[in-house]
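One structure below.
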Amino acid sequence: MGGKPEGARTRIWHNLQNFDSVTWIKHTQRMAKRLQVILKDAEYRDVQRAARSRHMSVAEWVRQALAQAQQHEPVGTADKKLEVIRTAARFDFPTGDID
């Protein structure tokens, strides 16, 4: 066709312009990040053994272990929690009978 070949940057820009916002959101939600963790051989074998015993890949075992550890992390500082409790304690709302 005689024209210059389209550059990679131009193709990417063209593809981005054709994404509607819903498609863009769905596409970006699938993006992932790689995490590299250096383990000693014995530690890695322990992780492999644990994953194998649960019939899952090492990657899936690590993802689940990280998710479980994250659930046990406290949310907010002790000072912030105390501030919220003190603020709530200042209110004097009527309450119902226990019965």
Which residue pairs have Cβ atoms under 9 Å apart, sit 6 or more places apart or on different chains, and have a first residue in region 18-45 that is farther than 14 Å from Ala59 by Cα and a second that is outside any helix (DSSP H, G or I) and modelled with pLDDT under 95? His27/Phe19
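From Gln64, Gln68, grab the single residue that is assigned to a helix (DSSP H, G or I), exposed (fewer than 10 other Cβ atoms within 10 Å of the Cβ) and not hydrophobic (A, V, I, L, M, F, W, C).
Details: Gln64 fails: exposed (fewer than 10 other Cβ atoms within 10 Å of the Cβ).
Going through Gln64, Gln68 in turn, the sole match is Gln68.
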Picking from Arg49, Arg63, Arg90, which residue would you name as being within 30 Å of Arg34 (Cα to Cα), over 24 Å from the mean Cα position of the chain (by Cα) and among the basic types (Lys, Arg)? Arg49
Within region 37-46, the count of residues that are under 25 Å from the mean Cα position of the chain (by Cα) and either surrounded by 10 or more Cβ atoms within 10 Å (Cβ to Cβ) or within 13 Å of Ala65 (Cβ to Cβ) (or both) comes to 5
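The values are calculated or read from the model by the stated rules, or taken from the named source; none is laboratory data. All of these numbers come straight from a predicted model, not from anything done at the bench. Glycine also receives a Cβ, built like all others from the backbone with ideal geometry; neighbour counts cover every protein chain displayed.
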